[in-house]
Structure formats: structure tokens, C-alpha cells
1. Only one residue in E95, E131 is within 16 Å of the ligand (Cβ to nearest atom), under 15 Å from E165 (Cα atoms) and assigned to a helix (DSSP H, G or I). Which one?
2. Could you say which residue among E211, E117 is open to solvent by 10 Å² or more (accessible area, probe 1.4 Å) and either of a type in the set (K, R) or more than 14 Å from the ligand (Cβ to nearest atom) (or both)?
3. Touching a residue at least 24 places away in the same chain (Cβ under 8 Å) and open to solvent by less than 30 Å² (accessible area, probe 1.4 Å): is that true of S187 in this structure?
4. I need every pair where a residue in region 206-219 that is modelled with pLDDT under 95 has its Cβ under 6 Å from the Cβ of a residue that is crowded, with 20+ Cβ neighbours inside 10 Å, sequence separation at least 6 or different chains.
5. Mind telling me which of the residues E139, E75, E102, E106 ends up being touching a residue at least 24 places away in the same chain (Cβ under 8 Å) and not in a strand (DSSP E or B)?
6. Identify, please: which residue in region 9-50 is in a loop (DSSP other than H, G, I, E, B) and closer than 23 Å to G92 by Cα and is, among those, most open to solvent (accessible area, probe 1.4 Å)?
7. Based on what the data block shows, is S69 in contact with a Ser or Thr (Cβ under 7 Å, 6 or more places away or on another chain) and either more than 19 Å from T17 (Cβ to Cβ) or open to solvent by less than 10 Å² (accessible area, probe 1.4 Å) (or both)?
8. Give me the residue from region 166-184 that is part of a loop (DSSP other than H, G, I, E, B), of a type in the set (A, V, I, L, M, F, W, C) and in contact (Cβ under 8 Å) with a residue 24 or more places away in the chain and, out of that set, farthest from the ligand (Cβ to nearest atom).
Amino acid sequence: MIRMKKILVANWKMHKTRREALSFLAALQEPERLSLKIAAPYTLIAELVDACHGREVEIGAQNMHEAASGAYTGEISLGMLRDVGAKFVLIGHSERRHLFKESEEEIQAKVERAVVEGFPLILCVGETEEEKTQGETEEVLKRQLLSALEELSVEQLEKVLIAYEPVWAIGTGKNAIPSDVNNTHRSIRDILFQSLGAAPPILYGGSVSVENISDFLRFEHIAGALVGGASLEVSNVNQMIQKIEFLEV
Ligand code: PEP
């Protein structure tokens with residue numbers, strides 16, 4: 001049986017200078033049986049793309065503006081990302097939704113821009129602690145997923161990955177229970193199959209570490225991990241690569 005490659009996405013958030021990023025790459029182990037991506041700060045993308053030439057690492061961005069160009073001081077367009085060699089973009093990360101008050105309309109517009117331009121994207125969704133306590137997880141996920149993806153064809157969905165990231169687990173050290181995450185991923189698949197006729201691979205994010213990554217990725221419906229804090233140290237990422245490469249699934 002051919003094993004689907006698991007996916008590891010490092011989200012560096014607002015960390016690293018060019019020198020730090022290049023020394024990370026110099027020490028990074030080459031992945032063989034997994035797909036490795038780094039969502040880098042804008043200032044690092046061009047240099048990382050050059051440094052990764054011929055390597056099995058894809059460099060992408062953490063955000064973008066939905067307009068093709070225009071008077072949007074301080075923003076970055078998809079054309080600019082493509083120009084520096086970015087290969088994917090995160091859309092709707094919980095820090096964008098909650099700290100920067102990004103609305104579902106904006107997220108939908110960003111998804112539409114990426115899809116129109118045929119650019120791969122990772123849509124992040126997830127419930128807050130309060131929504132979880134109120135038993136609203138499934139309803140919240142359905143709303144976030146469908147408001148962003150409802151208009152997409154099965155073919156367009158091929159350029160999409162989903163990251164399920166419960167807000168209460170991001171950067172908090174609080175771990176979701178892997179079997180619960182697997183069940184939530186199954187529900188996401190069902191929602192997407194019913195509404196859109198297909199479901200992209202679903203990654204999990206939220207305090208994933210060297211210690212717990214295998215506990216999540218051994219599950220059938222967990223296609224990979226989106227890792228923030230623990231991805232800043234190259235030794236951690238190398239250990240995660242090792243663990244995923246030798247995972248029996
Ligand atoms: C993230 O940035 O998407 C994330 C999951 O962060 P952390 O791994 O630090 O919880």
C-alpha cells in the first residue's frame with residue numbers, strides 16, 4: 001500500500017532574522033518521507049527560496065491581502081509573494097482572526113484571490129475555549145469552513161489544505177486529545193464532502209511538540225501538523241522529521 005506523505009508545516013510567526021533563518025536551513029535534515037513547509041515572515045521568503053533550491057522544503061507566507069494591488073499601505077499581495085518564490089500561503093490563522101480581527105468576509109476574499117490565481121493555500125479554522133465549552137465546536141467549524149470554501153469546485157479544492165487549530169491549544173501548551181482531534185477531522189471531512197463533494201487533507205495545530213507529534217500523526221484523519229513555537233529550533237524540527245519518517249501508520 002502506498003503511504004500518503006504526512007505534512008509538517010513550520011509557522012515561524014514574527015521570529016527570525018535572515019542570519020538565523022539561514023543557519024536553521026543549514027542544520028535542517030532533508031526529509032524523505034514527508035512534505036516539509038515553512039511559513040516564513042515576508043522578509044525571509046526570497047532568501048529562503050534561494051537557499052532551498054533543489055531541497056525538499058517549500059517556503060510560503062503567513063498572510064496576504066485579498067486585492068491584486070492598490071493603495072493598501074503595509075500590505076502584501078499574492079503577486080508579490082509569487083514574485084519572490086513563495087509556494088503557499090496561510091489564510092485565517094487564529095492570530096489573524098483574533099488579534100487582528102480578520103473577518104470571515106476578508107478570509108473568504110483571500111481564499112477567492114488565491115483560488116483565482118491558482119495559488120496553494122492552507123485555511124486555518126478552530127473554535128475558542130468558550131465555544132468548545134458551550135458545545136459549539138462543530139457549528140463554528142462548519143461556519144468557518146463553508147464561509148471560506150463554499151464556492152470552490154472539487155478541482156479548486158486540490159490546491160487547499162485545512163489546518164484545524166483549536167484556539168485554546170495554540171501557543172498555550174494545552175494539548176488536545178489526539179483521538180478527539182481525529183474525530184473532529186472526521187467531522188470536517190464529512191462537512192466538506194456533503195457540501196463540496198471533496199475534502200482536502202487536514203492538518204492539526206496547537207502546541208504540537210517533539211514529544212507529542214507521533215501521538216497525533218498516527219491517526220488516519222490527521223494528515224500532518226502545523227507547528228508554531230516548537231518549530232523555531234532546528235533540533236526540534238529534525239527530531240519531528242525523524243519521528244514522522246519512522247511512524248508506522
Ligand atoms: C500555530 O502557530 O499555528 C501554532 C499551532 O502554534 P503552537 O504550535 O505554538 O501552538
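The values are calculated or read from the model by the stated rules, or taken from the named source; none is laboratory data. Computed from a prediction, not measured in an experiment: that's the story for all the values here. Cβ sites come from the backbone with ideal geometry, for glycine too, and all protein chains shown count toward neighbours. Just so you know, the surface numbers come from the protein's heavy atoms only, side chains and all, with ligands and any DNA or RNA stripped out. Shrake-Rupley method; radii C 1.70, N 1.55, O 1.52, S 1.80 Å.
1. Answer to the check: E95.
2. Values: E211 fails: either of a type in the set (K, R) or more than 14 Å from the ligand (Cβ to nearest atom) (or both).
Step by step, each of E211, E117 is checked, and only E117 is open to solvent by 10 Å² or more (accessible area, probe 1.4 Å) and either of a type in the set (K, R) or more than 14 Å from the ligand (Cβ to nearest atom) (or both).
3. Values: touching a residue at least 24 places away in the same chain (Cβ under 8 Å): yes; open to solvent by less than 30 Å² (accessible area, probe 1.4 Å): no.
So S187 fails the test.
4. As it stands, the answer is S207/A169, since those pairs meet every condition given.
5. The match here is E106.
6. M14
7. Details: in contact with a Ser or Thr (Cβ under 7 Å, 6 or more places away or on another chain): yes; either more than 19 Å from T17 (Cβ to Cβ) or open to solvent by less than 10 Å² (accessible area, probe 1.4 Å) (or both): yes.
For S69, the condition - in contact with a Ser or Thr (Cβ under 7 Å, 6 or more places away or on another chain) and either more than 19 Å from T17 (Cβ to Cβ) or open to solvent by less than 10 Å² (accessible area, probe 1.4 Å) (or both) - is met.
8. First pass over region 166-184, keeping only residues part of a loop (DSSP other than H, G, I, E, B): 166, 170-177.
With of a type in the set (A, V, I, L, M, F, W, C) added as a condition, the list becomes 170, 176-177.
Filter again for in contact (Cβ under 8 Å) with a residue 24 or more places away in the chain, leaving 170, 176.
Numbers: I170: 4, A176: 11 Å.
Per the criteria, the residue is A176.
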